[in-house]
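Computed from the coordinates by the stated procedures, all read-outs in this text should not be read as laboratory data. Just so we're clear, the structure is a prediction, and the values are computed from it rather than from any experiment. Glycine also receives a Cβ, built like all others from the backbone with ideal geometry; neighbour counts cover every protein chain displayed.
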Amino acid sequence: MFAVGLVLPLLHPLRLTTAYTYLEKRFGLLVRCVGSALFILLRGGWLASVIYAPSLALSAVIPVPKIDAALVPLAELCGTNGSTIFWITVVGLGATIYTALGGLKAVIWTDMIQFFVFVGGLSAIWFLLLSELGTSTLLRELGKVPRAYAGNDFEAGWGKRVQLDGSLSRSFDGTPLEFSWRQLNRFTKIDHVHMEDPQTPRPTIVLPEKSGDVQSATLTFALRVTTSGNPPLQSPPSTVNVLVRDQPGVAATHPPPAYHDRPHDTWFDFSSKFVFTTGVTFWILFVGHLLSSVNSTATDQVALQRYFSASSLKNSKRALWLNAFCDVQLMPIMYLTGAGVLVYYAIHHHPNVPIDTAQAMPFFVAHKLNLVFPGLAGLFIATLFAATMSSIDSGINSISAAITTDWYRRLLVRDQEERHYLKAARWITLSLGLLATCVAVFLGSLGEIWQIAVALMGLWTGPLLGIFLLGFLTRRANTVGVLIGAAAGLVCTFVFHHANGNEFLYALVGLIPTLLLGYLTSIPGPLPQSKQISGLTYWTRKK
């Protein structure tokens, strides 16, 4: 409603190439550059995470052992494996090349085809889940799936006896838990780790003696817990890392994540926790997704470039309504698909389910779906590529448009033929794709991929959205006030980030000071000129 009633009627008649040209008309060139820069930072980090996530999944479906062996040093540095690096290269460069060759037209047509491939793959997965589990079993057992907790990472000296602690693992059906520990990684230069009582909550391990020139080694242990009910339900794995070295430090002790005590089927948690930790409640998810949706339809070149390309405002509004309708249908289905795979492996225990939860879905496809319907693993791979490529090509094309239009054409090289700018845009597209692919290689060392993606976008969303809202909704906001507000929003967001604030609230923390200070500091300043508000705000729009 916000985009259809306000954003599109204001921006579409202006016939803009990028949304940030509006900011120059409303506030001046400096604000346009700030807005464009915030967008490039927002979508640049997002682009790398979009390349990394499906590549991690593909490495579970199609591992490449020879590349794994050849890229061991680089993989250890990047916190991933050789197969993932290989697929990052394939996915990133593939999308970059066809985006550079085809431009926005290629993006729109391939996105349409990829949408139908994506729906086909998702339908096949749901057909198998419902035939194996049934809706009643999925919903009944989801809340009973236990949650393992392997404890805090810590350091220890060579040859020491230490104890792991999984006693805080949770059972949600009231039955006792059975414990199963195992070591995940092995090293050729150090002795094997001896574990005593791996079927207990607190097994003792005897660390290896130092060998040769090995200075340190990180040993990873995985814990699964299984209920004693009927059926016995097994948890996803939880891991703990033990850093072995000569002079171990004292690791800080942290409690389990705040969501640890919450069953998997808690659909509506209305509590106010998780503000300064990782996890979501109904309100946090609602606020985070609301601001993300408003930002994408009001300020984000990725979405607006599609609506700007429509032949009329009516067609642009129609496209926006269709996109909203599809999102409302698909997002719950995608969330439930993950829940379905969780319940499937809780009931059907499999020793080789990947430790990384991002690889559970492709593992399910490769080891179950493809056995039932030969060839469907290929459809799933096509589905992953479809979802990935449709995001990557849009992201690269929109960032390239912003750099070319807002920076290169506006500030550096003016009054050239269109052919010159088209050529420049293609080189910028290739450079962006290569840069995003290189950054994606190193994301594995930063943590959970969903946290990375939400944080990288949330850091910049609040100030960017605040700038546009001050332009859309006020006649008083001026250049100086908007810049002060945006700077305050960025500072507050980064302070909140360093205070371990929840990633989903970054946008809200950045938006509030941008709006308040942006408006209040505009009041003592000069009034905007008539050309800066005529037809450019909600109050002065052409009806």
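A few remarks follow.
- Annotation: amide H-H contacts under 5 Å for R182 (H modelled 1.01 Å from N, sequence separation of 5 or more, or interchain): A222.
- Relative contact order (%) - criterion: Cα under 8 Å, at least six apart; region: segment 145-261: 38
- Considering helices alone, the calculated mean residue ellipticity of the chain at 222 nm is -18500 deg cm²/dmol, with DSSP H runs of length four and up weighted by -39500 (n - 2.57) and normalised per residue.
- Legend: calculated FRET efficiency, L130 to L516, from the Cβ-Cβ distance at R0 = 45 Å, rounded to 0.05, equals 0.35.
- Computed from phi, the 3J(HN,Hα) profile of segment 67-81 under the Karplus parametrisation 6.51, -1.76, 1.60 (θ = phi - 60°) reads 6, 4, 5, 6, 10, 4, x, 5, 5, 5, 5, 8, x, 9, 10 Hz, with x in place of Gly and Pro.
- Hydrophobic long helices, here whole DSSP H runs in the chain with Kyte-Doolittle means of at least 1.0 and Cα atoms spread over 30 Å or more along the helix axis, are found at 29-61, 82-132, 376-402, 449-473.
- Fewest-first ranking of V250, V480, using other Cβ atoms within 10 Å as the exposure measure: V250, V480
- Using a Förster distance of 25 Å, the FRET efficiency for D261-T337 (Cβ separation, nearest 0.05): 0.50
- The modelled label-to-label distance between T220 and D246, using points 7 Å beyond Cα along the C-beta direction, is 2.7 nm.
- Note on R161/V90: beta-carbon distance plugged into 1/(1 + (r/R0)^6) with R0 of 45 Å gives a FRET efficiency of 0.50.
- Descending Cα extents along the principal axes, segment 145-261, whole Å: 50, 26, 18
- Between the labelled values [x] 57; [y] 51; [z] 64, the entry that holds percent of Cα pairs over 30 Å apart as derived from this structure is [x].
- Ascending count of other beta-carbon atoms within 10 Å, so fewest first, for E196, E132: E196, E132
- Take the Cα of E417, step 7 Å toward its Cβ, do the same at R476, and the gap between the two points is 5.2 nm.
- Counted residue by residue at 0.36 nm each, then reduced by the alpha carbon distance between them, the extension gain from H192 to L139 reaches 14.9 nm.
- The residues C438, C33, when put in order of fewest to most other Cβ atoms within 10 Å, stand as C438, C33.
- Too-long pairs where the Cα-Cα distance tops 25 Å, listed order kept, from K317/K423; K314/K423; K25/K317: K317/K423; K314/K423
- The chain, relative contact order [Cα under 8 Å, separation at least 6], %: 25
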